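These notes concern the structure reproduced below.
The values are calculated or read from the model by the stated rules, or taken from the named source; none is laboratory data. Just so we're clear, the structure is a prediction, and the values are computed from it rather than from any experiment. Every residue, glycine among them, receives a Cβ derived from its backbone with ideal geometry; neighbour counts consider all protein chains shown. These accessible areas exclude ligands, DNA and RNA; they are computed on the full protein's heavy atoms, side chains included. Shrake-Rupley method; radii C 1.70, N 1.55, O 1.52, S 1.80 Å.
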Amino acid sequence: MNVNEARVAVIGLGYVGLPLAVEFGKKRPVIGYDINERRVAELSAGHDWTLEVEDAELADTNVTYSSDESCLDDADVFIVTTPTPIDEHKQPDLTPVLSATRTIGRHLRRGGVVVYESTVYPGATEEECVPILEEMSGLTFNADFFVGYSPERINPGDKEHRVSTILKVTSGSTPAAADFVDDLYSSIVVAGTHKAPSIRVAEAAKVIENTQRDVNIALINELALLFNKLDIDTEAVLQAAGTKWNFLPFRPGLVGGHCIGVDPYYLTHKAQAVGYHPEIILAGRRLNDAMGAYVAAQLVKRMTKQGIAVRGARVLIMGLTFKENTPDLRNSRVIDIIHELREFDIAVDVYDPWAEPEEARREYGVELVSEPEMGCYDGIVLAVAHRQFRDMGPDLIHAFGRPSHVVYDLKYVLPAGAAQLRL
């Protein structure tokens with residue numbers, strides 16, 4: 001198959017799939033498929049609610065959007081960008097990617113190529129997905145069709161590091177398939193590609209990228225807990241240590257999102273399946289997952305010290321998304337703070353100008369306030385560093401509080417001394 005003539009279909013049009021489809025659509029006709037009819041209608045009308053792609057860019061690309069799987073009949077290459085979350089037991093949930101695989105299998109033709117971008121554990125593409133493709137299509141792997149793996153590296157809200165400007169790891173199930181996948185991505189990625197020697201290597205590379213970040217943030221979170229007990233400003237320590245040329249610039253905080261807070265569980269699942277119990281990775285996960293409860297406890301303790309009655313108090317949480325300047329609510333750990341505060345019979349208002357109210361309601365049962373009330377809160381938690389919050393400045397943020405209140409700045413939005421508590 002000629003890579004320049006191949007008809008590409010992107011399955012899953014979320015934070016990862018849409019930017020990818022749009023980038024390919026600048027070079028060739030692309031099929032954008034998603035089971036969410038509302039999402040397809042929105043994109044067909046020229047708007048992306050995730051704000052990853054501007055309306056002008058959507059208008060200037062050759063992508064046809066559809067929720068009718070018959071559109072996949074015309075595809076030669078299928079790129080899977082569906083989410084790979086974890087379940088309530090912190091086990092990998094491959095349901096979306098396997099469902100997409102079944103759909104593809106019904107339309108896969110001889111000579112077709114299926115490329116996975118979704119984060120999985122090493123071996124999942126060939127062990128879990130390929131058998132389904134064979135069963136649904138009636139074709140033989142590496143004779144009639146081929147697969148590849150090219151892990152996504154999308155950073156939601158980041159307008160500098162985009163699909164085309166981030167070096168892309170590629171791989172394929174045969175040397176020829178690997179070359180084809182690499183050539184395909186090379187047509188849109190100006191930053192270049194790195195062809196991994198196998199699909200398993202590419203899968204492992206993806207899952208350790210975020211595991212490494214998770215463990216490093218866990219170390220800084222643990223140091224923040226220690227420095228709090230020693231009454232030392234963590235940020236001041238990190239700034240001082242950061243003057244050394246090889247000190248890594250990690251900061252403490254909540255660890256959520258669709259990657260860092262999830263990917264390590266894919267790796268530990270595979271590790272335990274082969275009889276290895278990972279110590280450091282799981283320790284980091286436990287520590288990071290406990291930060292929401294720690295923040296709530298510290299706020300309550302400080303309120304008590306200031307003579308503020310905890311039961312019946314009102315607290316304003318500023319920010320619900322998992323990171324700043326994006327509407328992405330996936331796996332936000334701010335919800336942990338909210339749940340903990342409610343255990344103390346504290347009334348919690350949540351304000352986030354970036355989050356979609358309907359999604360916040362559906363995902364977390366949280367009713368966002370349109371504007372915080374002035375002079376009404378006993379505690380204020382700056383949980384996400386949205387630019388609107390930085391622009392407010394300390395005076396306005398403190399004005400939301402009662403005469404006696406506590407401000408807990410998790411993201412160093414305010415200058416030193418402007419908050420009673422910082423991580």
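Expressed as a whole percent, how much of the Cα-Cα distance distribution for the stretch 344-423 exceeds 22 Å? Mind dumping the intermediate values first?
Values: 752 of 3160 pairs.
Of all Cα-Cα distances in the stretch 344-423, 24 percent exceed 22 Å.
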What ranking of Arg387, Arg285 comes out by heavy-atom accessible area, probe 1.4 Å, highest first? Arg387, Arg285
Given just the C-alpha atoms of the stretch 204-332, how large is their convex hull per residue in cubic angstrom? 155 Å³
Under 5 Å, built H, 5+ apart or other chain: amide partners of Lys195: Thr170
Mind jotting down the three principal axis lengths of the stretch 1-150 based on Cα atoms? Whole angstrom, largest first. 43, 41, 24
I need the Debye-formula profile for the stretch 265-313: one equal scatterer per C-alpha, no solvent, reported as log10 I(q)/I(0) at q = 0.24 1/Å, two decimals. -0.85
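Could you tell me what fraction of 2.2 N^0.38 Å the Cα radius of gyration of the chain comes to, as a two-decimal ratio?
On the way: Rg = 23.3 Å, N = 423, 2.2 N^0.38 = 21.9 Å.
Working it through for the chain, the quotient is 1.06.
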What area, in nm² and to one decimal, does the C-alpha convex hull of the stretch 34-117 cast on average over all directions? 6.7 nm²
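Roughly speaking, what % of Cα-Cα pairs in the stretch 154-208 are separated by over 18 Å, rounded to a whole number? Mind dumping the intermediate values first?
Numbers: 533 of 1485 pairs.
It works out to 36 percent of all Cα pairs.
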For the stretch 308-423, dividing by residue count, accessible area per residue (probe 1.4 Å) in Å² works out to 41 Å²
List, in the order given, every pair from Lys90/Lys206; Lys27/Lys411; Lys206/Lys411 whose Cα-Cα distance in the structure shown is over 29 Å. Lys27/Lys411
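Based on the alpha-carbon set only, what is the convex hull volume of the stretch 115-264 divided per residue, in Å³? Could the numbers behind the result be given before it?
Details: hull volume 20.6 nm³, N = 150.
Value for the stretch 115-264: 137 Å³ per residue.
Could you report the stretch 148-218's accessible area per residue, 1.4 Å probe, as an integer in Å²?
I get 39 Å² per residue for this part.
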State, as an integer percentage, the relative contact order of the chain based on alpha-carbon contacts under 8 Å between residues 6 or more apart. 11 percent
Label-point gap, in nm, between Glu358 and Leu226 - each point 7 angstrom along Cα→Cβ: 4.8 nm
Using the Kirkwood formula on alpha carbons, the hydrodynamic radius of the stretch 283-423 in angstrom works out to 15.0 Å
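What whole-number value in Å² describes the accessible area per residue of the stretch 248-305 for a 1.4 Å probe? Can you show the working numbers first?
On the way: 2510 Å² over 58 residues.
Solvent-accessible surface per residue comes out at 43 Å².
By per-residue mean of other Cβ atoms within 10 Å, what is the highest-first order of 19-26, 416-423, 393-400?
In decreasing order of mean packing, 19-26, 416-423, 393-400 become 19-26, 416-423, 393-400.
Å³ per residue of the Cα convex hull, for the stretch 1-74? Write down the numbers at each step before the final one.
On the way: hull volume 5.5 nm³, N = 74.
About 74 Å³ per residue, rounded to a whole number.
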Quick one: with all protein chains in place, what share of the accessible area of the chain is carbon or sulfur, to the nearest percent (1.4 Å probe)? 52 percent
Quick one: order Ile166, Ile317 from most to least accessible surface, probe 1.4 Å. Ile166, Ile317
